[in-house]
Each structure stands twice: as structure tokens, then as C-alpha cells.
Amino acid sequence: MLETIKITNLALISKSQVDFGSGFNVLTGETGAGKSLLVDALLFLNGSRADKTLIKTGCDFARVEGVFDVDTNNSKLNDILSSVGIENEGTLLISRYFSLSGKNECRINGEIITLNILRKVTSEIIDIFGQNDSMALLDPNNHLKIIDDLIADKLSPHKDELATKLSELHRINSDISSLGGIDKDRENNIRLLEFQIKEIEDADLKENEEDELKSKIKIMENSEKIYSSLSETVEVLDGEYSISNMLKTAINSLNTAINFDDTLSNEKDRLYSCKYEIEDIVSNISDKQNQIHYDERELDQLNDRLTYIKDLERKYGNTIADVLESKNKFEDRLNILVNADEELQRLTLNKSHLLDEIVAICKTLQNIRKIEVVDFKKSIETELKKLGMKNAQVDVEFKNEINKDNIEKIVNSDGADSIEYLFSANLGFEPRPLSKIISGGEMSRFMLAMKSIASSKSSKTCIFDEIDTGIGGEIGNAIGEKICEISRNCQVICITHLAQIACFGDNNYKIAKFDENDNTITTVTLLDDKAKVTEIARMLGNSQSESSLKLSQDMLDSARVFKSKQN
């Protein structure tokens with residue numbers, strides 16, 4: 001149960017601490033006082049998406065802390081806590097902090113945890129029911145889970161076995177896929193590989209061909225500039241006023257000096273080396289000039305070849321080396337596919353046997369559900385009658401026919417069933433899909449009836465957020481009695497606008513809003529017996545009227561008698 005919740009800087013609440021008791025906790029208040037803020041705080045603590053608008057204006061952060069008394073024998077909860085190194089000692093302090101900067105910090109017993117772990121833990125200790133949950137009940141995709149949660153102990157062994165078989169099926173399908181699949185799939189894969197290999201072979205790629213092509217294209221596209229530049233170079237090195245002629249003059253002049261000083265011979269040799277080197281450079285440049293040409297047709301062929309190689313690289317790799325490596329892999333895979341008949345036959349046979357087993361498990365799950373649904377329908381109808389719907393009829397439609405041909409398409413970890421709730425509130429009308437005919441008030445009672453059935457198997461704190469919308473009068477009293485019954489099995493926190501429900505509270509809290517220092521502030525106050533009478537009279541229409549106060553006291557006395565019979 002939730003013992004204490006402490007709220008800091010959340011919406012209109014600056015700082016508030018509420019200590020809840022066991023049994024039936026009721027929260028009431030004027031419209032707009034902020035009754036749903038407590039639910040917002042619990043949703044925030046439950047791991048719902050945080051929004052900066054939740055932070056009180058003028059503050060930098062919001063924080064919600066909850067102290068929970070939990071069952072130390074809850075194996076699922078213990079497994080979750082153990083996964084993050086936390087021991088279940090019977091008390092959990094859960095906190096969540098969120099700042100304007102976007103910092104989101106979650107803790108359990110002081111240990112930092114992820115938001116995902118927070119959600120898993122709180123889902124084991126809190127159930128929140130509001131109008132959104134009523135809408136979720138209209139979606140047939142949620143119907144199977146509701147029944148499965150009620151009979152989880154009977155389904156669990158078969159679901160565990162199914163999970164093992166599905167894992168094995170996934171492995172076999174993966175192995176079959178690695179061998180190209182079965183029949184036409186395999187033939188198509190073989191043809192594709194043969195095409196890919198031939199396409200790469202026909203390309204006759206060379207390792208450095210792409211770089212060579214780019215170089216040739218670049219030269220040809222700039223041939224005129226290159227030829228002009230080389231001509232200028234040759235002219236400078238070997239023209240009329242070139243470096244070569246200057247070197248010849250220098251050598252001749254140095255010969256004259258050597259006639260008188262033979263120690264200059266080494267310098268003459270070096271000048272000759274320069275002369276020969278320049279002559280060799282000029283020769284090489286001239287040869288290069290003779291090779292330079294521009295051929296538009298050849299340039300087009302070079303560009304086409306480069307484009308072709310690029311296309312292959314886009315399909316098979318980033319480089320020619322990658323493309324050639326892909327060809328080797330295709331050849332290896334083709335060899336496996338061509339010679340995989342025996343292995344495929346073995347896998348196909350194993351898969352066939354496995355599908356038979358999966359079908360059998362799914363049919364077992366379906367049979368269990370169909371047997372349990374009989375009691376489920378009776379129980380729901382019984383609860384609905386207590387809630388003023390004496391002619392209510394409930395049915396459950398099983399939509400899927402389970403067989404070997406369709407099992408792979410419809411099976412999941414819960415089996416292969418798809419169900420939908422059917423409902424009729426009136427005598428003489430056949431039950432129809434819930435989403436098509438049920439009203440808002442009927443939906444609230446339908447959900448309450450299901451929670452009543454589930455509460456006997458759950459120790460979670462149950463929060464009802466104004467599920468009495470659209471309800472009043474005697475039906476409101478019936479709902480109050482039903483929530484009171486639920487609270488005998490688990491803690492209930494209920495936000496209501498109906499006096500008929502509030503009078504059943506074991507602990508009544510009033511939520512009030514007032515202005516202080518140019519700020520709007522919301523407070524939560526535990527009511528004593530006298531204040532409880534006044535608050536219920538207010539809900540009846542006039543807290544100052546003697547008749548309203550007397551009626552309020554009468555309702556509280558009547559509720560007290562009802563509760564005494566429940567104990």
C-alpha cells in the first residue's frame with residue numbers, strides 16, 4: 001500500500017505530504033481545486049512521460065516521493081529489484097525528480113534506477129484507473145490481457161513452454177533463411193546469386209582500375225592546359241634563352257678558368273651533371289607532350305566505364321576490392337544453397353513437427369480460456385447487477401481459428417487467440433461488441449466490475465480517478481458499495497465528485513485551492529468526523545443547510561453499517 005506521498009513544486013502544489021491509510025481513501029474538493037493533481041503526481045511517480053509544464057511556475061524542478069509497504073513474497077517484484085541490486089525488505093521509498101533543464105532522476109531506496117525499471121516496479125504495486133483506462137477497454141486488443149491476468153497461474157506454464165517453442169521456431173526459420181528458404185524462395189535466391197556473380201565477372205574489374213580511369217579522364221579533360229604548360233617548361237629549359245644554353249655558357253667560361261686552376265674541375269663536372277639532368281627532363285617532357293591527345297569518343301568511353309564501376313560499387317561495396325570480395329561471398333553462398341537439399345529437408349521436417357507442437361499449446365491455452373471465460377462472464381454479470389445493471393449480459397467472442405496453416409501468422413507469446421468482449425445492457429438485445437454500444441456510465445461500471453473480480457488476487461494500490469463520471473443517484477451508492485468491497489482486499493485511493501461514494505471512505509481528504517501572495521496554492525487535508533459531515537453536505541449542495549448536514553450524517557451512518565457487515 002501507499003503509506004505516504006510527498007509532492008514538491010508540482011503544478012499548483014508547492015509542498016504537500018499526504019499520509020494514506022489502508023482501506024478506502026477518498027479525495028474530494030470543489031471543481032477546479034486540483035483533485036487530479038494527486039493522480040498527476042502518481043502518474044509522474046509511475047514513470048509517465050514528464051513534461052516541463054508539470055513544474056510549478058517560478059520553480060526549477062518538481063519532485064514526487066512515495067513510501068510503499070510491499071509484499072516481500074512478491075516474486076516478480078523481487079526479480080525486478082534484484083536486477084538492479086535492491087533487496088525487498090518490505091518498504092520502498094520511490095522518488096522521481098525532473099528539472100527545467102530536462103534532468104530526470106529516479107531512485108528506489110536511494111539507489112539511482114532507470115525510468116524503465118521505475119515503470120516495471122510501480123506496475124507491480126500501483127493500478128491507476130481513469131477515463132483513459134475506460135477508453136482502453138474499448139480496444140479489443142486489450143481484452144485478452146484482462147482475462148489472462150485473472151488466470152495467469154493456469155496459463156503461465158503453457159506460456160513458458162510456448163516461449164521456448166517460439167524461440168526454437170525463430171532459430172529454425174533463421175537457419176532455413178540462411179539456406180535460401182524453401183521451394184520458390186530458394187530458387188529465386190539461387191538465380192539472384194548467379195546473376196550477381198555473372199554481373200561482376202562480366203565487368204572484368206582490375207584492382208586499381210578506378211584510380212587509373214580517373215587519372216586518364218582528368219588528363220584528357222585538361223589536355224590543352226597540360227600541353228601548353230609543358231611547352232612553356234621546355235622553352236624555359238631548352239629554348240633560345242634557356243637554362244641549357246646558360247649552362248653551356250657557364251661550362252665554357254669555367255673551362256677557361258680551369259686552364260689556370262685545375263681545382264675547379266669538380267665544379268665543371270657538377271655543371272655537366274646539371275646539363276645532362278635538364279636534357280633528360282626535357283626529353284621526358286617532350287615524350288609526354290607527344291602522348292597527350294584529346295579524343296571525345298575515347299573520353300566518353302572512359303566516363304562510361306567509370307560510371308559502370310560506380311554502379312557496381314553502389315550495389316556490392318564501396319571499392320573495387322569490396323565488389324570482388326562480394327563476388328567471392330556470393331560464390332560461397334551459392335555453393336551452400338546448391339548443395340543444401342538434405343539440410344533443408346531436415347529443417348523443414350523439424351519445423352513441421354514444431355508447428356504441430358505450437359498449435360497444440362495454443363489450443364490448450366484457448367481451451368483454458370474458454371473454460372475460465374464461463375465463470376468470468378457470470379462474475380461480471382453478477383457484479384454489474386450489484387451496480388444497477390440487472391439485465392446486463394456479457395459474452396466473449398473468440399475470433400481466431402487455430403490451425404497449422406495460419407499459426408505462424410497469428411501466434412505470439414500469449415498464444416494465438418484474439419478475443420472481443422460483447423455486451424448488452426438491456427433485456428431482449430443480443431450482446432454486441434463493447435465499443436459499439438456501451439455508454440460512458442456503463443463503461444465505468446463495467447471496468448469497476450472487472451476490478452472487483454481482480455482485486456481478490458491483487459495487493460496493488462488501486463487508484464480510481466473520477467470513474468463515476470456520468471453516474472448519480474442510486475447507482476452512485478452502488479458504486480460506493482462496490483469500491484468499498486474492493487478496498488477490503490487492497491488499498492483504494494478514489495477521487496470522486498459524488499457524495500454517495502465519498503460517504504464510504506475510511507479516510508477522507510479534502511483538496512482545496514486558494515490564493516496566497518499572488519500565487520495559487522493547492523492543499524490536501526485529512527478530515528475528522530465533523531469535517532467529513534460538512535464536506536459531504538457540501539457535495540450534496542449546501543454545507544450550511546441543516547437538511548444537507550442531516551442527510552450527510554445519515555449517509556455516513558448507513559455507510560458505516562454497510563462497512564461493518566464487510567468486516
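The values are calculated or read from the model by the stated rules, or taken from the named source; none is laboratory data. In this text, all values refer to a predicted model and were calculated from it rather than measured experimentally. Here Cβ is always computed from backbone atoms with ideal geometry, including for glycine, and neighbour counts include all displayed protein chains. All accessible areas refer to the heavy atoms of the entire protein, side chains included, with ligands and DNA or RNA removed. Shrake-Rupley method; radii C 1.70, N 1.55, O 1.52, S 1.80 Å.
Here are the numbers for the structure shown:
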read-out	value
Residues of the range 508-567 that turn out to be over 19 Å from S16 (Cβ atoms), open to solvent by less than 40 Å² (accessible area, probe 1.4 Å) and among the hydroxyl-bearing types (S, T, Y), as a count	4
Enumeration of residues in the range 82-101 that are part of a loop (DSSP other than H, G, I, E, B) and open to solvent by 40 Å² or more (accessible area, probe 1.4 Å)	S83, V84, G85, E87, E89, L100, S101
Some residue of the range 40-49 being open to solvent by less than 60 Å² (accessible area, probe 1.4 Å), assigned to a helix (DSSP H, G or I) and more than 30 Å from E535 (Cβ to Cβ)	no
Identity of the residue in the range 211-244, in a helix (DSSP H, G or I) and of a type in the set (S, T, N, Q), that ends up nearest to the chain's Cα centre (by Cα)	S215
Qualifying residue in the range 245-265 (condition: at pLDDT 85 or above, closer than 22 Å to K225 by Cβ, over 44 Å from the mean Cα position of the chain (by Cα) and surrounded by 15 or more Cβ atoms within 10 Å (Cβ to Cβ))	no
All positions within the range 197-207 that are open to solvent by 80 Å² or more (accessible area, probe 1.4 Å) and either basic (K, R) or at pLDDT 90 or above (or both)	K198, E201, D202, D204, K206
One residue from V359, V396 being of a type outside the set (D, E, K, R) and part of a helix (DSSP H, G or I)	V359
Residue selected from the range 414-459 under the condition open to solvent by 30 Å² or more (accessible area, probe 1.4 Å) and of a type in the set (D, E), by the criterion farthest from Q491 (Cα to Cα)	E430
Filter result for I55 (within 28 Å of I358 (Cβ to Cβ), of a type in the set (V, I, T), open to solvent by less than 20 Å² (accessible area, probe 1.4 Å) and touching a strand residue (DSSP E or B) at 6+ places or on another chain (Cβ under 8 Å))	no
Entirely in the range 426-492, the helices (runs of 4 or more DSSP H) that have 2 or more residues that are free of Cβ contacts under 8 Å to residues at least 24 places away in the same chain	434-437
Residues being among the hydrophobic types (A, V, I, L, M, F, W, C) and within 14 Å of G29 (Cα to Cα) - total across the range 522-567	9
Residue within the range 379-386 that is over 29 Å from K184 (Cα atoms) and polar (S, T, N, Q) present	yes
Single residue of the range 391-412 satisfying the filter (in contact with a helix residue (DSSP H, G or I) (Cβ under 6 Å, 6 or more places away or on another chain) and within 30 Å of M443 (Cβ to Cβ)) that is most open to solvent (accessible area, probe 1.4 Å)	N400
Pick from the range 197-210, criterion in a helix (DSSP H, G or I) and over 46 Å from the mean Cα position of the chain (by Cα), ranking: farthest from K327 (Cα to Cα)	E209
Hey, R270 among the basic types (K, R) and loosely packed, with under 14 Cβ neighbours inside 10 Å or not	yes
Positions within the range 137-196 being among the charged types (D, E, K, R), over 24 Å from the mean Cα position of the chain (by Cα) and open to solvent by less than 90 Å² (accessible area, probe 1.4 Å), in sequence order	E161, K165, E168, D175, R186
From D79, D71, residue being in a loop (DSSP other than H, G, I, E, B), over 29 Å from I536 (Cα atoms), open to solvent by 40 Å² or more (accessible area, probe 1.4 Å) and not polar (S, T, N, Q)	D71
